[in-house]
Amino acid sequence: MSRIASADEYGYRIAKRQVVPVVTTILACTTDLLPIVMEQPLIPDFAFLVLVAWRLLRPEIWSAQMALPLGLFNDLVSGHPIGQSMALWTACFLAFDLIDSRVGWRDYWLDWLFASLAIVFYAFGSWYVAHMMGARIEMAIMVPQILLSLLAYPFVARLILALDRWRLSR
Amino acid sequence: MASPSTRRTGFSRRAQYGLFLGYVLAVAGILFAILLLVIAAVDPRGFSALKGAALDVTTPVASGGRSVVGFFTGIGDSIGNYFMAGSQNADLKREVAQNRRKLIEAQATALENKRLKALLKVRDAEMDEVTTARIVGSSFDSLRRLGTLTAGSSEGVEVGQAVRGPDGLIGRVIERGRWASRVLLVTDTASRVPVRLVRDGTPAMAVGHGDGTIDLNTLEVGENPFRRGDILVTSGTGGLFPPGIPVALVVRAERERTVATPIADPGEIDFAMVLPIYQAGADEPLAEPGEPKAGPR
């Protein structure tokens, strides 16, 4: 194998770099289609965790408006009222942009902190949307799911990191 | 990690405007999404075509793996059964004897019921099920409790129809596509089912609590009429749910609050039956006083 990439190989690499984050997020959205019937909200929303992990790891791959189509897809697949993920995800991206412009550096713990803030914001946003749609949910019911999401974030971030290395590998 | 340099546009006016335009788009997108939410709140059936189509596309994926999950869910039970075989056997024998007695009582009651109904010339509306389908998924990672059913408008499913399993009520249809529909489970906080106590007929409202339990709200103020172990069935009030479907089993009755669990666990049910709306005209406005209209029963 020559050390100089052919045109095909080059195109494949470019495509891989651009497509992997979007495809992994879409796959995370489709975890909602798994045939699991739960009577209690416990399992974290992996679509949001994957999205936040990509955004915090690679701020340059997506601009804020990229969250709109991804959110629309998530709403359609998981049966949320249309607009819920669109609004909440884009608001999160804008907040992250603001954080990036104000905070000079981020490390692992700060990433986790920002992700935690985003998770809590997302949970309360979903609560408010459910409230709008006529579902009166007690706050206490949300707590286990939020805690599990906070604990699941480092694992998802690890996974995304591995995917990112594969994405950028030659 | 150092702050990313790509966000800094430097002195290029074009790049600055581009970034600014991106933010304008994002904010406009948020406002648009909020508008969509408000529309959905005001008119829940607003985007039914779009949501129905999305359901149709995604449901086949879910239905493929249902049996696998049933297998894994069953493993825990099987192991438990193996260890508890002795005591379980004794329990089951006692239960069989008890059930036999109850069956005879029930047969007698049914006979008496038939005789009395004939006497009163009351006939039940014929209740044939619309279709039988499978529950293949749920919104397991969201706050809402919604299930996915593998039957849609092509099988005659309509929004509002009740869905029941072999044990009891599961919920009602809130969205439907051509081949799939979404069911609002009785445990969702937006679900309200008029029920009555089997023991003495006390009417109540079964409201989902969001964590797999059901709150029972009595219609009258006073002492809590529920006791642990009470069973509630649909009352047929409101005309949506057919009467007599088991809904909830009381597990805890306190002074202020009564907690019940749904009798039908959608996690274990494979097949569910869609029932027609009990009295379709019940939620329509009353006829003008001048012209009496023959309503359904």
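The values are calculated or read from the model by the stated rules, or taken from the named source; none is laboratory data. Computed from a prediction, not measured in an experiment: that's the story for all the values here. Glycine gets a Cβ as well: all are built from the backbone with ideal geometry, and neighbour counts include every protein chain shown.
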Exercise for the section: Select from segment A:102-123 the residues that are of a type in the set (Gly, Ala, Ser) and under 20 Å from the mean Cα position of the chain (by Cα) and write down the one among them that is nearest to the other protein chains (Cβ to nearest Cβ). Expected result: A:ALA123
Practice task
Within segment A:124-166, count every residue that is within 14 Å of chain B (Cβ to nearest Cβ), more than 18 Å from A:GLN84 (Cα to Cα) and among the charged types (D, E, K, R).
Solution key: 2
Completion exercise
By residue number, the members of segment A:1-20 that are small (Gly, Ala, Ser) and either in contact with a Ser or Thr (Cβ under 9 Å, 6 or more places away or on another chain) or not in a helix (DSSP H, G or I) (or both) are A:SER2, A:ALA5, A:SER6
Exercise for the section: Can you run down the residue pairs with Cβ atoms below 7 Å, 6 or more apart or on separate chains, where the first is in segment A:17-31 and within 15 Å of A:ASP164 (Cβ to Cβ) and the partner is of a type outside the set (Val, Ile, Thr) and loosely packed, with under 13 Cβ neighbours inside 10 Å? Expected result: A:ARG17/A:LEU168
Practice task
Could you check, for segment A:21-40, whether at least one of its residues is more than 12 Å from the chain's Cα centre (by Cα) and farther than 24 Å from B:GLY52 by Cα?
Solution key: yes
Handout entry: Unmet requirement for A:VAL77, which otherwise passes all of (1) among the aliphatic types (A, V, I, L, M); (2) more than 8 Å from chain B (Cβ to nearest Cβ); (3) farther than 17 Å from A:ILE146 by Cβ; (4) touching a Ser or Thr at 6+ places or on another chain (Cβ under 8 Å)
Key = (2)
Completion exercise
Counting only residues that are part of a loop (DSSP other than H, G, I, E, B) and crowded, with 17+ Cβ neighbours inside 10 Å, segment A:134-158 contains a total of 2
Fill in the blank from the handout: Taking segment B:210-234 and keeping residues under 30 Å from B:SER142 (Cβ atoms) and small (Gly, Ala, Ser) leaves B:GLY210, B:GLY212
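To keep it simple, each residue is scored yes or no on (1) under 23 Å from A:ALA123 (Cα atoms); (2) modelled with pLDDT under 80.
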residue: A:MET1; (1), (2): no, yes
residue: A:VAL22; (1), (2): yes, no
residue: A:ILE36; (1), (2): yes, yes
residue: A:LEU51; (1), (2): yes, no
residue: A:ALA64; (1), (2): yes, no
residue: A:LEU72; (1), (2): yes, no
Practice task
Test A:SER126 against the stated conditions and say whether it is over 26 Å from A:VAL20 (Cβ atoms), over 13 Å from the mean Cα position of the chain (by Cα) and in contact (Cβ under 8 Å) with a residue 40 or more places away in the chain.
Solution key: yes
Practice task
Could you please let me know if B:ARG176 is within 14 Å of chain A (Cβ to nearest Cβ) and among the basic types (Lys, Arg)?
Solution key: yes
Practice task
Please specify each residue of segment A:32-51 satisfying the condition of being aliphatic (A, V, I, L, M) and in contact (Cβ under 8 Å) with a residue 24 or more places away in the chain.
Solution key: A:LEU33, A:LEU42, A:ILE43, A:ALA47, A:LEU49, A:VAL50, A:LEU51
Problem - Qualifying residues in segment B:141-155 (those that are touching a residue at least 12 places away in the same chain (Cβ under 8 Å) and among the polar types (S, T, N, Q)) - the one nearest to the other protein chains (Cβ to nearest Cβ) - result: B:THR148
Fill in the blank from the handout: Filtering segment B:59-92 down to residues that are surrounded by 13 or more Cβ atoms within 10 Å (Cβ to Cβ) and at pLDDT below 80 yields B:THR59, B:PRO60, B:VAL61, B:ALA62, B:SER63, B:GLY65, B:ARG66, B:VAL69, B:GLY70, B:THR73
Exercise for the section: Could you list, in sequence order, all residues of segment A:55-71 that are in contact with a Phe, Trp or Tyr (Cβ under 9 Å, 6 or more places away or on another chain) and either surrounded by fewer than 24 Cβ atoms within 10 Å (Cβ to Cβ) or of a type in the set (A, V, I, L, M) (or both)? Expected result: A:LEU56, A:PRO59, A:ILE61, A:TRP62, A:SER63, A:ALA64, A:GLN65, A:MET66, A:ALA67, A:LEU68, A:LEU70
Exercise for the section: Only residues that are facing another protein chain (nearest Cβ under 9 Å) and over 21 Å from B:ILE30 (Cβ atoms): list them for segment A:40-68, please. Expected result: A:GLN40, A:PRO41, A:LEU42, A:ILE43, A:PRO44, A:PHE46, A:LEU57, A:ARG58, A:GLU60
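Per-residue answers, yes or no, for (1) of a type in the set (Gly, Ala, Ser); (2) in a helix (DSSP H, G or I); (3) more than 9 Å from every other protein chain (Cβ to nearest Cβ):
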| residue | (1), (2), (3) |
| --- | --- |
| A:VAL22 | no, yes, yes |
| A:MET38 | no, no, no |
| A:LEU70 | no, yes, yes |
| A:ALA87 | yes, yes, no |
| A:PHE96 | no, yes, yes |
Practice task
Go through the residues of segment B:247-258 one by one and say whether even a single one is assigned to a strand (DSSP E or B) and over 20 Å from the mean Cα position of the chain (by Cα).
Solution key: yes
